[in-house]
Amino acid sequence: MLLSSPEELEGEGYKNIKEGNLKDGIKMLVRAAKKYEESGELKKAASLYKEAGLLLKDRLRLHEQAKPLIRRVAYLHIKLIEREVDKNEVNLVKLTNSCLSVIEAFTLLEDDNNLKKYAREFAKMFEDLGTNYLEANEVDSAIVSYESAYRYYDLIGDKEGIKKIAGKLIEIFGRIAEEAISEERYEDSGEAFEKVANYVKTIFGYDEKYKELMETAGKHYEKASKLAYAEGDLENLTRLLLKAQYSYLLARNFNRANLIGLNLIKMLNQVVNNLRSEGLFDKVGEKLMEFAEALIALGKIENAMKVYKEALDESGGLIDLRARIRISVIKYLAAKEQDLNMLRALDTIQFLIRNAKFLDAIELAENAIRKYEGGEEILREIYKAEGIVFPEE
């Protein structure tokens with residue numbers, strides 16, 4: 001049978017791979033990718049080149065043969081970026097995804113020169129976009145653009161660029177905090193203060209300024225939680241108290257964080273029991289996850305993992321929960337050690353999560369956790385909860 005369309009070639013490629021004929025399957029995927037590329041479907045072509053390249057690299061250990069395919073991924077996404085920025089209205093989601101794909105490709109190729117070159121270009125591009133959006137009073141798009149610029153300046157270690165963008169974001173979130181306070185939107189003001197703190201730490205480190213701002217964020221989350229309590233909204237109450245607990249934790253106000261955490265655990269017990277008795281099982285997994293996060297902030301890692309396992313069982317093992325548990329551990333370790341590097345790693349992890357790169361975020365989080373004494377043991381506890389069993393050493 002003569003296969004002509006890219007869809008047919010792709011289907012046959014996957015069929016061969018499933019049957020264990022890796023080499024034939026990879027050839028089919030590459031042929032399909034070329035046809036998609038010829039027809040202008042660059043994103044689809046890039047996706048298949050990447051898949052074929054990774055199969056060559058990881059499954060067949062043919063690293064040199066994989067390189068041209070992975071390099072093709074980078075250049076197709078560069079074309080997609082050029083197309084996107086030429087449009088009257090830029091789609092920031094598509095633009096960000098293509099930029100991340102370029103960086104990922106050059107990282108896989110260990111091509112440091114091109115990685116730095118394009119990261120610098122992306123930083124400047126997003127900075128310019130942020131300025132344009134801000135002038136047009138499109139604040140949300142300006143934030144997304146500036147946060148991307150921050151990420152790329154950070155990637156290349158451009159201290160001046162990092163401080164410049166951090167300053168712009170501090171201004172924006174400062175204004176958002178003021179507006180939210182005046183309108184008594186305390187969750188929004190809490191989030192804005194948390195963001196201001198995050199970018200202040202870029203300039204001044206994990207110092208008193210950062211801690212004061214995180215303390216303020218905690219107070220605003222508490223105010224929001226009181227409004228939820230007055231309305232009898234227990235589900236929102238626990239969510240907001242968890243935010244307050246972590247804000248106080250990072251402010252290193254351990255007494256306040258612990259007090260909220262102990263009260264929160266009692267409430268979550270009640271909420272979980274209520275949800276189960278009402279048959280609202282779709283909400284149980286989320287509340288159990290909050291329970292696990294509250295326990296981590298209290299330093300009760302072993303107990304947290306038992307609850308985390310329950311949360312995974314109830315929710316079907318959602319990947320975002322796997323990212324969240326690792327973020328909770330990082331925040332706990334950052335506060336405990338007053339560690340700026342841990343917070344800097346958190347910036348990148350949260351950027352990846354915002355762009356749905358959960359596997360990359362999880363890998364980066366685990367690398368950060370491993371650097372700490374006892375970190376390997378914490379990861380083993382997480383894996384155990386997730387059903388990953390290692391042979392006895």
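At a glance:
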{"read-out": "Amide hydrogen neighbours beyond the local backbone of Leu60, cut-off 5 Å, H modeled", "value": "none"}
{"read-out": "Most mobile listed residue (Gly232, Gly53, Gly161) in the chain, GNM with C-alpha springs under 10 Å", "value": "Gly232"}
{"read-out": "222 nm mean residue ellipticity, helices alone, for the chain (DSSP H n ≥ 4; -39,500 (n - 2.57); rounded to 500)", "value": "-27500 deg cm²/dmol"}
{"read-out": "Rounded, prolate or oblate (a/c below 1.5 giving rounded, otherwise prolate when a/b exceeds b/c) for the stretch 233-392 by Cα gyration tensor", "value": "oblate"}
{"read-out": "Relative contact order (percent, whole number), the chain, Cα cutoff 8 Å, 6+ residue spacing", "value": "7 percent"}
{"read-out": "Helix 139-155 axis, angle to the chain major axis (alpha carbon atoms, nearest 10°)", "value": "70 degrees"}
{"read-out": "Percent carbon-and-sulfur accessible area, the chain, ignoring ligands, DNA and RNA, probe 1.4 Å", "value": "49 percent"}
{"read-out": "Alpha-carbon centroids, the stretch 297-347 and the stretch 357-379: separation in whole Å", "value": "10 Å"}
{"read-out": "Accessible area of Lys287 in the full protein assembly, 1.4 Å probe (Å², nearest 10)", "value": "10 Å²"}
{"read-out": "Those lysines that a straight Cα-Cα span of less than 21 Å connects to Lys219, excepting residues fewer than 8 apart in one chain", "value": "Lys195, Lys201, Lys209, Lys211, Lys243, Lys266, Lys331, Lys336"}
{"read-out": "Percent RCO, i.e. relative contact order, over the stretch 233-392, from Cα pairs under 8 Å lying at least 6 residues apart", "value": "19 percent"}
{"read-out": "Set of lysines near Lys23 by C-alpha distance (under 30 Å), chain-local residues within fewer than 8 positions excluded", "value": "Lys15, Lys34, Lys35, Lys43, Lys44, Lys50, Lys57, Lys67, Lys79, Lys357"}
{"read-out": "Area of Leu268 that stays accessible when all protein chains are in place (1.4 Å probe, Å², to 10)", "value": "0 Å²"}
{"read-out": "Area of Asp111 that stays accessible when all protein chains are in place (1.4 Å probe, Å², to 10)", "value": "30 Å²"}
{"read-out": "Å² per residue, accessible surface of the chain at 1.4 Å", "value": "50 Å²"}
{"read-out": "Pairs of alpha carbons in the stretch 111-204 whose separation is greater than 15 Å (percent)", "value": "60 percent"}
{"read-out": "Where Tyr372, Tyr308 fall by accessible area, highest first, once all protein chains stay in place (1.4 Å)", "value": "Tyr372, Tyr308"}
{"read-out": "Unit charges on C-beta of K, R, D, E only; dipole of the chain, Debye", "value": "760 debye"}
{"read-out": "Measure of compaction for the chain (Cα Rg per 2.2 N^0.38 Å)", "value": "1.10"}
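The values are calculated or read from the model by the stated rules, or taken from the named source; none is laboratory data. Being a predicted model, the structure only gives us computed values, none of them experimental. We place every Cβ from the backbone using ideal geometry, glycine too, and count neighbours over all the protein chains shown. The protein model used for the area step is the full one, side chains on, heavy atoms only, and it has no ligands, DNA or RNA in it. Shrake-Rupley method; radii C 1.70, N 1.55, O 1.52, S 1.80 Å.
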